[in-house]
Amino acid sequence: MSLALAAAMLAATGASAEGGGEPAPKPVHHAPAKPKAAAPKPAAAAPAPAPTPVPPRSAVASATIAPPLVAPAAATAPATVVVSLPAALADWRALDAENTLILDTDKGRVVIELRPEFAPLAVARIKRLARTRVYDNLQFHRVVDGFMAQTGNPNNLDGGKSLEPDLPAEFTFRLGAETPRVQISRPLGESQGFIGAQPYVSVDEIRMAMSPDRRVSAWGAFCPGVVAMGHDSEPSSGNSEFFVMRAATRSLDRSYSVVGRVVMGLDAVRALTAGDPPIQPSRMQKARIMADLPESERPQIAVLNTLSPEFRAIAERVRAIRGADFSICDVEAPVRVIATPAPPKPAAKPKRRSRRPPPAETAG
């Protein structure tokens, strides 16, 4: 990493997405149906003190340290955790250009970190369709407020597909101890944490030692910004369609193949024209893999390294504030935008030469 880039990274600021609730879904066809609103909780018997305000999600991070295969010792979360931001330069990582999808929409640029660990076939398909320009100029044909934005169908209609064969379902994967990750909570029978910027849930990782393949079943958590492949009523029917979560909907866990998460541009996703279908749909003007762009056109983005101790401090602070309401979706990886080159403008069309014959010269 050059000294100039290092200095720029230290001077940049961070940004992140917001979280949401966990409503239950309706039966789905091709893409998730908008879930019903969750029933309100009964009022407490006695008034409770006013809760401490939750800090902005821009101050929340994720980390990637593989946890020990033993239950952590019980400890009381401190009321206040001192967090030193910005983190040391070594705590920030660059995106893998080969696994970064860039969408240029009419509402702005969206940068997605793809995670082949979760759904390798689905990730490979999205990269192939982006590289063959199948996604260019497609509509976001279904956008539901507080839920998700759906695109990727070549006919711009729900149920459309590419010429590629359908994909098998990749709703879960086998998580092993060799996968870099961090475990930030252990609800009964489960482990929750992050692989890169992507939140995951798994069977309690203490069971790895008892499993024949030394692995446990894991899946992506449907937090804001998570990207997944759509499918028909048949689970193994994913093809080209994908959707981006505009809010958390954990009831979708283990029902769709998770391919990655938005690390920059969730505000653009939330600005897409809503409707089912929208009257004037927003468009995905271009979809590119960052490795295919010239260096001068690649956005320079640094994500808080999930191996860093900075995350643990931030996550513990959020956990102390949220208490029993703490969710994996409350924690996100801060991002530093160092440079975001504007998408190149289309080349101007050359002027057409007139085919009219020149005027005949007049005899003098």
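Structure notes:
- Of everything in the range 137-172 that is in a loop (DSSP other than H, G, I, E, B) and of a type in the set (A, V, I, L, M, F, W, C), the residue that is farthest from the chain's Cα centre (by Cα) is L163.
- All positions within the range 316-340 that are within 14 Å of G225 (Cβ to Cβ) and among the aliphatic types (A, V, I, L, M): I328, V331, A333, V335
- Test: residue in the range 116-136 that is surrounded by 19 or more Cβ atoms within 10 Å (Cβ to Cβ), in contact with a helix residue (DSSP H, G or I) (Cβ under 6 Å, 6 or more places away or on another chain) and hydrophobic (A, V, I, L, M, F, W, C): no
- A209 fulfils the conditions (1) assigned to a helix (DSSP H, G or I); (2) at pLDDT 95 or above except for a single criterion, (2).
- The number of residues in the range 162-183 that are buried (at least 19 other Cβ atoms within 10 Å of the Cβ) and among the charged types (D, E, K, R) comes to 2.
- Among (1) within 13 Å of V111 (Cβ to Cβ); (2) out of contact with any Gly (no Cβ under 7 Å at 6 or more places or on another chain); (3) at pLDDT 90 or above, the one test that R336 misses: (2)
Conditions (1) at pLDDT below 85; (2) under 21 Å from W92 (Cα atoms); (3) among the basic types (K, R), marked per residue:
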residue	(1), (2), (3)
L252	no, no, no
Y256	no, no, no
M284	no, no, no
P299	no, yes, no
F311	yes, yes, no
R322	no, no, yes
P343	yes, no, no
P357	yes, no, no
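- Tally, over the range 173-206, of residues that are outside any loop (DSSP other than H, G, I, E, B) and touching a residue at least 40 places away in the same chain (Cβ under 8 Å): 18
- Residues that are buried (at least 23 other Cβ atoms within 10 Å of the Cβ), in contact with an Asp or Glu (Cβ under 9 Å, 6 or more places away or on another chain) and over 22 Å from Q183 (Cα atoms), drawn from the range 210-246: M229, G230, H231, G238, N239, S240, E241, R246
- Applying a threshold of 6 Å to beta carbon distances and a minimum spacing of six or more residues, or different chains, the list of pairs starting in the range 137-160 at a residue that is on the phi > 0 side of the Ramachandran plot and at pLDDT 95 or above and ending at one that is part of a loop (DSSP other than H, G, I, E, B) and not charged (D, E, K, R) reads G146/A247; G152/S240.
The values are calculated or read from the model by the stated rules, or taken from the named source; none is laboratory data. Treat the numbers as computed from the prediction; the structure is a model and nothing was measured. All Cβ positions, even for glycine, are placed from backbone atoms using ideal geometry, and neighbour counts span all protein chains on display.
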